Amino acid sequence: MTSATKQVKRIGLLTSGGDAPGMNAAIRSVVLAAHHYHIDVIGFVHGYNGLVLEEYISQSKTLTLNDVNSIIHQGGTILKSARCPMMLERSGLEQAANTLTEQAIDALIVIGGDGSFTGLLALQQLWQGQVIGVPGTIDNDLANTDFTIGFSTAVNTGIEAIDKIRDTADAFERVFIVELMGRHSGHITFNVGIACAAEQVLSFENFSQENEASKLKQLAEEIQQAQQNRHGSYIIVMAENLWSGGATKLVEQLQTFAGIECTACVLGHIQRGGSPVAKDRILATKMGVCAVQAVIAGETGIMIAEQQGAMSHVLLTSAISEGKHVSSQLVDAQQNILALSAQTHC
Ligand code: F6P
């Protein structure tokens, strides 16, 4: 994990993959910490494209304190982000390694998620410098860190939106199906679902696609039961990429199968934007400082993590390969206690 300690003069920094609220706070923190230790930070733009494509390589620049002034509260990323398929090819990786060597970069810090870290590990095979990951993704799907930057804001955004949906759903005693992001993990869905007292949470942790037919029947019965009990509004929160055809399809199926009127709402990219909440700003700031200190300590191949509130380093390989499961207590509570109240409530 630790390479021979050397004098670090230049750190490369980029944000990659789906942007997440708090990425700017992390950029600011890296620049401030590096400045403290007399290290230059070179910002590369548009994710790994900034290392690979000439039009973006030419836009790389030393980040000053002024550049990161007044950005802690902004969503998105001042460095821009992108997914970069060229990092899956040897020629792209070689180009990225050349750029870093030509610019005399000693260490590269990448703020991103699992795809970005897979690219970083591949790059490590071809480039001598240190590589450090900072977990920035709303999905919270990296192992061995309590949280990733952006997750808390995305959850709060989901809650605010569904609270509003609840008001109108209550007024009409209506059924809504709200689809949330998270790629293939249910961290956002479960946390938002519980915090909004959703009548149903449908996610990877409590449902698999081959059971769609039986689940449809069960959902229809449970909604009808709740309606007979005059339960009022009924909100199903579901994870994206879970149900074939998504929330819109499920709405159609409930109508055709059981005559249940319901409305789909796909929250989508609204969850990626917005000003980061306190928890993300503070997490990002701690992680940025820790990343620079890890570079100075000669670390490489690691991701900065928070474990039980304390900063630590974990292997990049473990962060992306071990998988991070939604707390089974959360899943059990929803399935076995909270969800049942909608059916029994009078
Ligand atoms: O990984 C973050 C994320 O927002 C996922 O939750 C979502 O599945 C995906 O990115 C969407 O990616 P894109 O913006 O490229 O469609």
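The values are calculated or read from the model by the stated rules, or taken from the named source; none is laboratory data. Quick caveat: nothing in here was measured; it's all calculated off a predicted structure. Heads up, the Cβs are rebuilt from the backbone with ideal geometry, glycines too, and the neighbour counts pull from every protein chain shown. In case anyone asks, the SASA skips ligands and DNA or RNA and just uses the protein heavy atoms, side chains included. Shrake-Rupley method; radii C 1.70, N 1.55, O 1.52, S 1.80 Å.
Some observations on this one:
- The C-beta contact set for the range 137-150 (first residue of a type in the set (D, E, K, R), second residue in a loop (DSSP other than H, G, I, E, B) and open to solvent by less than 20 Å² (accessible area, probe 1.4 Å), distance under 6 angstrom, 6+ apart or interchain) comprises D139/G182; D139/S185; D141/S185.
For every residue, the table says whether it meets (1) touching a residue at least 40 places away in the same chain (Cβ under 8 Å); (2) in a helix (DSSP H, G or I); (3) closer than 26 Å to I188 by Cα.
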site: M86; (1), (2), (3): no, yes, no
site: E94; (1), (2), (3): no, yes, no
site: A97; (1), (2), (3): no, yes, no
site: Q128; (1), (2), (3): no, no, no
site: V134; (1), (2), (3): yes, no, yes
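- Unique match (being under 23 Å from the mean Cα position of the chain (by Cα) and buried (at least 16 other Cβ atoms within 10 Å of the Cβ)) among G129, G92, G76: G76
- Tally of residues being touching a Ser or Thr at 6+ places or on another chain (Cβ under 8 Å) and within 17 Å of G22 (Cβ to Cβ) across the range 48-71: 0
- Boolean, S208 is at pLDDT 95 or above and either in the same structural domain as A305 (by TED's automatic domain parsing) or open to solvent by 10 Å² or more (accessible area, probe 1.4 Å) (or both): no
So that you can scan it fast, the table gives a plain yes or no per residue for (1) open to solvent by 10 Å² or more (accessible area, probe 1.4 Å); (2) in contact with a Phe, Trp or Tyr (Cβ under 8 Å, 6 or more places away or on another chain); (3) in contact (Cβ under 8 Å) with a residue 24 or more places away in the chain:
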site	(1), (2), (3)
K164	yes, no, no
D170	yes, no, yes
R174	yes, yes, yes
V178	no, no, yes
M181	yes, no, yes
G186	no, yes, yes
I194	yes, no, yes
A198	no, no, yes
L202	no, yes, yes
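- Condition check for I159 on (1) out of contact with any Leu (no Cβ under 6 Å at 6 or more places or on another chain); (2) more than 16 Å from the ligand (Cβ to nearest atom); (3) open to solvent by less than 10 Å² (accessible area, probe 1.4 Å): one failure, at (3).
- Test: Q307 is closer than 22 Å to I149 by Cα and in contact with a helix residue (DSSP H, G or I) (Cβ under 7 Å, 6 or more places away or on another chain): no
- Selection within the range 87-111 - within 16 Å of the ligand (Cβ to nearest atom) and either in contact with a Leu (Cβ under 8 Å, 6 or more places away or on another chain) or not assigned by TED's automatic domain parsing to the domain that holds L142 (or both): M87, V110, I111
- Selected residue (criterion: nearest to the chain's Cα centre (by Cα)) from residues of the range 253-283 that are within 16 Å of the ligand (Cβ to nearest atom) and of a type in the set (A, V, I, L, M): I270
- Residue match in the range 112-126 (condition: part of a loop (DSSP other than H, G, I, E, B), crowded, with 24+ Cβ neighbours inside 10 Å, in contact (Cβ under 8 Å) with a residue 40 or more places away in the chain and in contact with a Pro (Cβ under 9 Å, 6 or more places away or on another chain)): yes
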